[in-house]
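The values are calculated or read from the model by the stated rules, or taken from the named source; none is laboratory data. Nothing here was measured: the structure is a model prediction, and the numbers come from that model. As a convention, Cβ positions derive from the backbone with ideal geometry for all residues, glycine included, and neighbour counts pool all protein chains shown. Accessible surface is based on the protein model in full, side chains and every heavy atom, while ligands, DNA and RNA are left aside. Shrake-Rupley method; radii C 1.70, N 1.55, O 1.52, S 1.80 Å.
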Amino acid sequence: MIDSHVHLYPPEVNRDAVGWAAAQREPRWAQMCARRRADGRWVQGFPSVDSLLGAMDAAGIDRAVLLGWYWENHDTCVVQNRFFAACVRAHPDRLSAFAAAQPGAGEAALAEVRRAREDGLIGVGELCPHALGLSWDAAELEALFSLAGELGMPVNLHVTDPSSGRFPGRVETPLEDFERWAQRHRATSFVFAHWAGGLDVRALPNAWVDTAAAPLIYRAPAWDRIGATVRPEQVLFGSDYPLNLYPKNNVEPGLATFVAEAKAALGDVATRAAVLGGNAMRVLRL
């Protein structure tokens, strides 16, 4: 079983997320991730690598794919990528990772992706070009997506469902842009996070979706989208850990509840096997 959408941060972030974000000049990340709910609890946890592995064991997850963030600064991407490379080296049997990239950094961003590939990272993302003020046809994105295709690195993109509720840091991501990217860069594999925001991807042969944060985004389970907006072979199980997906029931974030929900919803044995791991092994070349 593979969780294709997990976030993890270096120890200095876990010690003081708010202070670190200020020092790194990352206000959007702080607004979304380093904040508390009305009851005073953090919206997400800040686990160590060992804590993540423990949560994976408790949920029966064999491998987690660590995703970066749509950092506003290139230097933050470098910090994230070096940390991920160390995590993968230490736990090659349990962890894989995508590279963070700031497309606006130009050639420096491309060089960093190449370096990350040499360090063993297997993809690029999670990216959100819209949050970075980039248009769908920005030259910086063209270059990054093309390079990812050349290197065989899938690209994970954040997608906001147009019908979803408001939350701090929310950014609109026009769904037609994702379709354009997939059609324009056919040699690049794209993973559209959060069920692709409702976009129908069935006709896009190089597009996949992940299920990250679904219990928070959708009041009703989103599993019935399989067959309606996405083919079974296009769905990757992803949690968005360490986001607390069930804040009304769980004090701390975990993985077991969402895994149980997925297994219960995916009644067909073949579909369950594909969504919970088989599809990820294929598209991420694990």
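Kindly rank 235-246, 137-148 from highest to lowest mean number of other beta carbons found within 10 Å of each residue.
Numbers: 235-246: 24.6, 137-148: 18.2.
Per-residue mean Cβ counts within 10 Å order the peptides as 235-246, 137-148.
Please report, as a whole percent, how much of the solvent-accessible surface of segment 170-266 comes from carbon and sulfur atoms (probe radius 1.4 Å). Write down the numbers at each step before the final one.
Details: 2040 of 3960 Å².
Looking at segment 170-266 in its full context, I get 52 percent from C and S.
When DSSP assigns beta bridges and you keep just the ones with both residues in the chain, what percent turn out antiparallel, to the nearest 5?
On the way: 2 of 23 bridges.
Roughly 10 percent of the beta bridges in the chain run antiparallel, per DSSP.
Roughly speaking, what % of Cα-Cα pairs in segment 150-285 are separated by over 21 Å, rounded to a whole number? List each step's numbers first, then the result.
Values: 3682 of 9180 pairs.
Counting every Cα pair in segment 150-285, those more than 21 Å apart make up 40 percent.
I need the GluC sites (Glu not before Pro) found in segment 155-202, filtered to DSSP loop residues with at most 10 other beta carbons within 10 Å of theirs. Let's see the in-between values first.
Working: sites: 172, 176, 179; in loops: 172.
The qualifying sites are 172.
Can you give the FRET efficiency for residue 166 and residue 224, using 1/(1 + (r/R0)^6), R0 = 22 Å, r = Cβ-Cβ distance, to the nearest 0.05?
Working: r = 24 Å, r/R0 = 1.11.
Result of the calculation: an efficiency of 0.35.
Explain nothing, just the number: relative contact order of segment 1-126, from Cα pairs under 8 Å at least 6 residues apart, as a whole percent. Could you put the intermediate results ahead of the total?
Details: 190 pairs, mean separation 32.6, N = 126.
With pairs under 8 Å counted, the relative contact order is 26 percent.
Over the C-alpha atoms of the chain, what are the Rg and the largest Cα-to-Cα span, Dmax, in Å?
17.3, 49
Mind giving me the FRET efficiency for residue 233 and residue 23? R0 is 45 Å, r the Cβ-Cβ distance, nearest 0.05 is fine.
On the way: r = 43 Å, r/R0 = 0.96.
Calculated transfer efficiency: 0.55.
Within the chain, what's the longest run with no trypsin sites (Lys or Arg not before Pro) in a DSSP loop and at most 16 other beta-carbon atoms within 10 Å? Give the range, please. Walk me through the intermediate numbers first.
Working: sites that count: 25, 35, 37, 41, 166, 170, 186, 202, 219, 248, 285.
In the chain, the maximal stretch lacking such sites is 42-165.
Can you tell me how segment 28-182 classifies by the Cα gyration tensor, rounded, prolate or oblate, using a/c under 1.5 as the rounded cut?
Values: a/c = 1.74, a/b = 1.09, b/c = 1.60.
Cα axes put segment 28-182 in the oblate bin.
Using a 1.4 angstrom probe, figure out how much accessible area segment 1-112 has per residue, in square angstrom, rounded to the nearest whole. Could the numbers behind the result be given before it?
Working: 4280 Å² over 112 residues.
With the other protein chains kept in place, segment 1-112 gives 38 Å² per residue.
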